[in-house]
Amino acid sequence: MPVTPAGTPPTPQRDRTQYLYLAVIVAVLLGIATGFLWPHFARELKPLGTGFVSLIEMMISPVIFCTIALGVGSVRQAAKVGRVGGLALGYFVVMSAVALAIGLVVGNILHPGAGLHLTEATRHIGHTAAADAHVGPVDFLLGIIPTSLLSALTQGQVLQTLLVALLVGFGLQAMGRSGEPVLRGIGHLQKLVFRVLSMILWAAPIGAFGAMAAVIGETGTDALKALATIMIGFYTTCVLFIVVVLGTVLRLATGVNLFQLLKYLGREFLLILSTSSSESALPRLIAKMEHLGVSRPVVGVTVPAGYSFNLDGTMIYLTMASLFIADALDRPMGLGRQIGLLLFMMLASKGAAGVSGSGIAVLASGLQSHQPALVDGVGLIVGIDRFMSEARALTNFAGNAVATLLVGTWVHEVDKERVARVLAGELPFDERTLVDAEPASTPEGAGAPEVPAPGGAPDPAYG
């Protein structure tokens with residue numbers, strides 16, 4: 001091991017993760033080529049993508065538990081956690097309504113489903129999806145309660161993990177100083193969890209290759225050509241929502257430039273694009289928002305709750321898909337029926353959080369409950385749902401990142417100076433380990449035991 005002279009800073013270690021994300025880009029391109037050239041072989045590669053997403057999902061519950069338990073346990077006033085949650089849920093409802101309204105306007109302008117014909121093969125798909133996804137409000141509320149305290153960490157249910165972590169955090173609050181050893185223990189556990197996560201991420205190119213090859217092999221170009229109108233309209237609407245709505249709100253409320261924030265989260269967007277799952281980037285979003293300067297309690301409450309309740313991309317999808325199906329079946333809806341159906345779906349989407357294939361599932365169950373005559377048309381968009389799910393996931397992710405920064409600003413739990421330095425590139429995120437040697441500044445952590453924060457300022461030894 002080389003010895004550096006006294007007073008000479010050690011040579012910075014190279015960040016090799018840049019090669020990982022270059023490999024992801026290459027893997028996506030190879031997957032697309034494989035899907036077009038050898039579609040039958042490409043379809044057999046689907047387990048590669050599924051397996052990688054499953055590995056990431058395996059880590060979500062431990063990440064959420066550690067983040068929330070540490071954040072809430074470090075806050076000395078429980079009322080502040082409730083204020084964060086109340087502001088977050090209120091914001092989620094408003095943004096969901098805005099997303100629905102934008103989708104409603106664009107859908108009524110484009111009329112993307114006109115001229116399509118329903119076949120017998122697609123007629124039954126919607127009924128099957130609706131039957132698989134139906135979750136009543138009572139079942140949804142009871143489903144938040146886990147079987148045991150530990151089962152929430154093993155069953156992969158985000159809301160169950162959120163409940164248990166909040167209870168543990170409030171319990172540690174009540175214990176006072178006697179709970180500090182437990183907090184330190186959870187802090188060490190968090191370091192281990194993020195180390196394991198950083199190891200799993202090196203499998204991202206394999207997962208991206210398998211997922212992209214499989215979807216191209218299954219879909220080909222026929223469905224894309226036939227349904228290009230709704231796809232282009234949907235992507236355009238999502239971009240407008242992110243840039244115009246979220247960008248404006250973020251600038252007015254925090255003074256932060258949206259494009260700087262999106263650039264900071266660029267690798268997470270690439271991960272989502274390659275896996276078509278926003279959950280694959282949830283642990284990294286938690287780490288990066290803490291590193292950005294948002295306090296741990298705000299991040300711990302807002303991000304996990306947002307993944308279940310702040311589904312901006314899903315709202316736009318449900319709006320445009322419903323109007324698409326109504327036009328395709330020659331059953332156009334009046335404005336009153338459109339609004340009633342979409343408000344119903346806004347509630348239904350919260351109850352189906354965590355359901356596999358939730359876009360189609362929520363759409364089918366909502367139509368069956370409110371406009372059963374339209375359920376037959378769900379099969380019309382199954383062929384391109386995978387491509388639309390990417391836009392849904394990207395929009396949902398951007399919405400949750402913005403929401404975290406907004407809520408943190410409203411409750412005065414953001415280090416604005418640190419935000420500016422991070423977005424300017426002065427404090428780079430530690431891509432190698434996702435864990436720091438030094439905790440990021442946390443306004444509410446004063447007096448609490450020092451526990452390491454993921455993704456904060458890198459160790460000085462690494463430059």
Projected label distance in nm at V53 and I32, using a 7 Å step from Cα toward the beta-carbon: 2.0 nm
For region 163-222, accessible area per residue (1.4 Å probe, heavy atoms of protein chains only), Å²: 44 Å²
Burial ranking of peptide ranges 61-73, 29-41, 45-57, 293-305 (average Cβ count within 10 Å, highest at the top): 293-305, 61-73, 45-57, 29-41
R421-L252 pseudo-label distance in nm [points 7 Å out on the Cα-to-Cβ vector]: 3.1 nm
Solvent-accessible area per residue for region 278-330 (1.4 angstrom probe, square angstrom): 9 Å²
Spin-label pair V182/K263, simplified geometry with 7 Å Cα→Cβ offset, distance in nm: 4.4 nm
Kirkwood-based Rg to Rh ratio, region 252-331, C-alpha trace: 1.09
Segments 406-415, 188-197 sorted - mean Cβ within 10 Å per residue, highest first: 406-415, 188-197
Order by protection proxy (mean Cβ within 10 Å, highest first), peptides 311-318, 391-398, 423-430, 207-214: 311-318, 207-214, 391-398, 423-430
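The values are calculated or read from the model by the stated rules, or taken from the named source; none is laboratory data. Note that the structure is a prediction, hence the values are computed from the model and not measured. As a convention, Cβ positions derive from the backbone with ideal geometry for all residues, glycine included, and neighbour counts pool all protein chains shown. When the accessible area is computed, the model is the full protein with side chains, heavy atoms only, and any ligands, DNA or RNA have been set aside. Shrake-Rupley method; radii C 1.70, N 1.55, O 1.52, S 1.80 Å.
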